[in-house]
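Data first, discussion second: the structure below is written as structure tokens.
The values are calculated or read from the model by the stated rules, or taken from the named source; none is laboratory data. Keep in mind that this is a model prediction, so the values were computed, not measured. We place every Cβ from the backbone using ideal geometry, glycine too, and count neighbours over all the protein chains shown.
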Amino acid sequence: MAEEPTTPNEGELPRAEQERQARRARRLDCYEQVKALQAEGMSISAIARALGINRRTAQKLVHAEAFPERVRRVGSASPHRYEQYLRERWEAGCQNVQQLWREICEQGYGGSSQAVRRFVSLWSRTPASRPEPLPHPASPRHAAWLLMHSDDKLTDEERAERDALRQQDAILQELYDIAQEFRRFVREQDSQALDDWLRKATATSIREIRGFARHLQRDLAAVEAALRLPWSNGQTEGQITRLKLLKRQMYGRAKLDLLRIRVLHRG
């Protein structure tokens, strides 16, 4: 007698697969109940009311000749449809995830770079493609400080650490270029460079930079004025900060008349 094929225990399956099988079991049970009630001569509306399901769902199951399996679709947001191209580029030596992500985006891919990173994470990397690790990994705050400052503000050791960071990932190099360009035109008050920078920033793969650029565009007139005009609202902001400090110091102990006296007296 032939042996029945063995199936893995439920606990051995990944959680996502367990949930998928449970959903399928519920759909199959519903399908069998619909067919049983149909065989008894019940109408579609009556079946829907009896099982508490949508009438359109009941109609679909009544007319189905067999249990309708759900087909897993691979859409534009999945890197699987670009597997052949990604493998060819990977084996050709391009193992930079951000670069691969940009290339398949030009072909219609609509997903994130993180999905591409997870997809290629199991592929073996060649030793030559791995950048040299930093001797002391930089914290996010320290890395941001290194990427934002100019060469003349950094020591030789800090410049070497910054360059090593830029070589770790193309996204850090992209972030460095965008941050340095922003720093330059703000310090030099080069209003002509703003539009070009905004175009680059809104097209970047870095979500935080895109969000920052959108905020600047919402108040574009004020940003352009800050770059063109010699005046600053620093004095106004300073007075507002001082007023808030005095108000907090008197919280629960005084009213607006005392606050007015303190502001005028100290002014």
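On the basis of being assigned to a helix (DSSP H, G or I) and farther than 29 Å from Asp151 by Cβ, does Gln173 make the cut? Outline the logic, then answer.
On the way: assigned to a helix (DSSP H, G or I): yes; farther than 29 Å from Asp151 by Cβ: no.
No.
Going through (1) surrounded by 15 or more Cβ atoms within 10 Å (Cβ to Cβ); (2) at pLDDT 85 or above one by one, Arg207 falls short only on (1). Of everything listed in (1) modelled with pLDDT of 85 or more; (2) more than 30 Å from Gln173 (Cα to Cα); (3) among the basic types (Lys, Arg), the single unmet condition for Arg87 is (2).
The rows are residues; the columns are (1) surrounded by 10 or more Cβ atoms within 10 Å (Cβ to Cβ); (2) at pLDDT 80 or above; (3) touching a helix residue (DSSP H, G or I) at 6+ places or on another chain (Cβ under 8 Å).
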position: Arg49; (1), (2), (3): yes, yes, no
position: Asn54; (1), (2), (3): yes, yes, yes
position: Tyr82; (1), (2), (3): yes, yes, yes
position: Glu106; (1), (2), (3): no, yes, no
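Hey, any hits in region 214-235 for a residue that's surrounded by 15 or more Cβ atoms within 10 Å (Cβ to Cβ) and under 30 Å from Gly111 (Cβ atoms)?
Checking region 214-235: at least one residue is surrounded by 15 or more Cβ atoms within 10 Å (Cβ to Cβ) and under 30 Å from Gly111 (Cβ atoms).
Among the residues making up region 224-261, those that are charged (D, E, K, R) and not in a helix (DSSP H, G or I) are Arg253, Lys255. Of the residues Ser113, Ser150, the single one that is crowded, with 16+ Cβ neighbours inside 10 Å, closer than 28 Å to Arg183 by Cα, at pLDDT below 85 and out of contact with any Leu (no Cβ under 6 Å at 6 or more places or on another chain) is Ser113. Of the set (1) surrounded by 11 or more Cβ atoms within 10 Å (Cβ to Cβ); (2) modelled with pLDDT of 80 or more; (3) out of contact with any Ser or Thr (no Cβ under 7 Å at 6 or more places or on another chain), all apply to Arg26 but (1).
Number of residues in region 181-201 that are surrounded by 15 or more Cβ atoms within 10 Å (Cβ to Cβ) and in a helix (DSSP H, G or I): the value is 10.
Within region 119-142, being surrounded by 11 or more Cβ atoms within 10 Å (Cβ to Cβ) and modelled with pLDDT of 80 or more holds for Phe119, Val120, His142. Scanning region 94-113 for residues that are more than 16 Å from Gln168 (Cα to Cα) and without any contact (Cβ under 8 Å) to a residue 40 or more places away in the chain returns Glu103, Ile104, Cys105, Glu106, Gln107, Gly108, Tyr109, Gly110, Gly111, Ser112.
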